[in-house]
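The values are calculated or read from the model by the stated rules, or taken from the named source; none is laboratory data. Model, not experiment: these values are computed from the prediction. All Cβ positions, glycine included, derive from the backbone under ideal geometry; neighbour counts span all protein chains shown. All accessible areas refer to the heavy atoms of the entire protein, side chains included, with ligands and DNA or RNA removed. Shrake-Rupley method; radii C 1.70, N 1.55, O 1.52, S 1.80 Å.
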Amino acid sequence: MDTQTLSGIPWTAAEVRAGVTAMYSKVATTPTATFRFPVGPDLARKLGYPEELLQSLPPTAIESFTGVACPVLAANLSPGEVVLDLGSGAGLDALIAARQVGPSGRVVGVDLSEAMVIKARANAAAVGASTAEFRQGYAEALPAEADAFDAVIVNGLLNLAPDKPAVVREIFRVPRSGGRAQVAEIVTDGASPPVTMKSLEDWFR
């Protein structure tokens with residue numbers, strides 16, 4: 001698929017992934033810039049992240065937040081569980097998950113942007129979240145073993161992925177027997193209106 005154009009889109013999957021990586025690297029390094037989508041603490045509050053929880057985390061973990069809901073609180077995580085945060089960004093959901101699973105649990109965040117991974121690692125170090133680790137990788141080919149997680153959290157990643165079936169296969173591959181996934185995404189009810197994409201910037205609207 002990387003060498004072919006996507007259905008109805010004049011770019012290859014590799015080109016789309018490169019565009020997504022560049023965009024979210026900019027979100028990591030310059031979160032106060034103007035984007036086509038909301039970014040930061042006001043968005044987190046609007047989506048239901050409790051104020052006291054946000055205040056307890058480093059501002060740098062929240063300033064680059066770009067999720068679409070609050071799946072980490074809906075996942076009902078328990079102490080000792082092993083959690084994958086797919087599309088972990090600057091680490092907001094992963095750090096919350098690390099608190100919920102406690103010292104006997106573990107959280108692995110995966111993001112395609114090296115800048116986001118670096119930022120998430122710094123945020124984890126700032127709060128002493130030694131059970132949270134962050135890896136760079138693509139959602140279509142996760143750097144994670146099969147049958148390794150009790151829960152998978154996904155917050156607004158699927159619409160950005162050029163190969164959505166591959167992402168779904170990976171989400172089903174990595175949980176243990178009896179594991180679960182808490183996926184948040186923006187969807188449409190019924191047929192989508194026609195969209196003309198003139199540049200990769202249009203992928204983010």
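Structure data summary
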| quantity | calculated |
| --- | --- |
| When residues of the stretch 71-103 are limited to those that are farther than 19 Å from R135 by Cα and touching a helix residue (DSSP H, G or I) at 6+ places or on another chain (Cβ under 8 Å), the one most open to solvent (accessible area, probe 1.4 Å) | P79 |
| Residues of the stretch 24-36 that turn out to be in a helix (DSSP H, G or I) and either open to solvent by 70 Å² or more (accessible area, probe 1.4 Å) or over 24 Å from Q136 (Cα atoms) (or both), as a count | 2 |
| Residue check for A125: small (G, A, S) and in a loop (DSSP other than H, G, I, E, B) | no |
| Members of the stretch 118-132 found to be surrounded by fewer than 23 Cβ atoms within 10 Å (Cβ to Cβ) and under 15 Å from the mean Cα position of the chain (by Cα), listed by number | I118, R121 |
| Matching entry among R169, R176, R180 (being charged (D, E, K, R) and outside any strand (DSSP E or B)) | R169 |
| Candidates G89, G19, G48, filtered to the one that is in contact (Cβ under 8 Å) with a residue 24 or more places away in the chain and under 24 Å from A125 (Cβ atoms) | G89 |
| Matching option when the condition is part of a helix (DSSP H, G or I), of a type in the set (V, I, T) and under 18 Å from the mean Cα position of the chain (by Cα), among V20, V39, V68, V108 | V20 |
| Filter pass, A141 being over 25 Å from N76 (Cα atoms), at pLDDT 90 or above and open to solvent by 40 Å² or more (accessible area, probe 1.4 Å) | yes |
| Count - residues of the stretch 136-161 that are in contact with an Asp or Glu (Cβ under 8 Å, 6 or more places away or on another chain) and farther than 22 Å from I96 by Cα | 4 |
| Flag if V183 is open to solvent by 30 Å² or more (accessible area, probe 1.4 Å) and closer than 17 Å to P71 by Cα | yes |
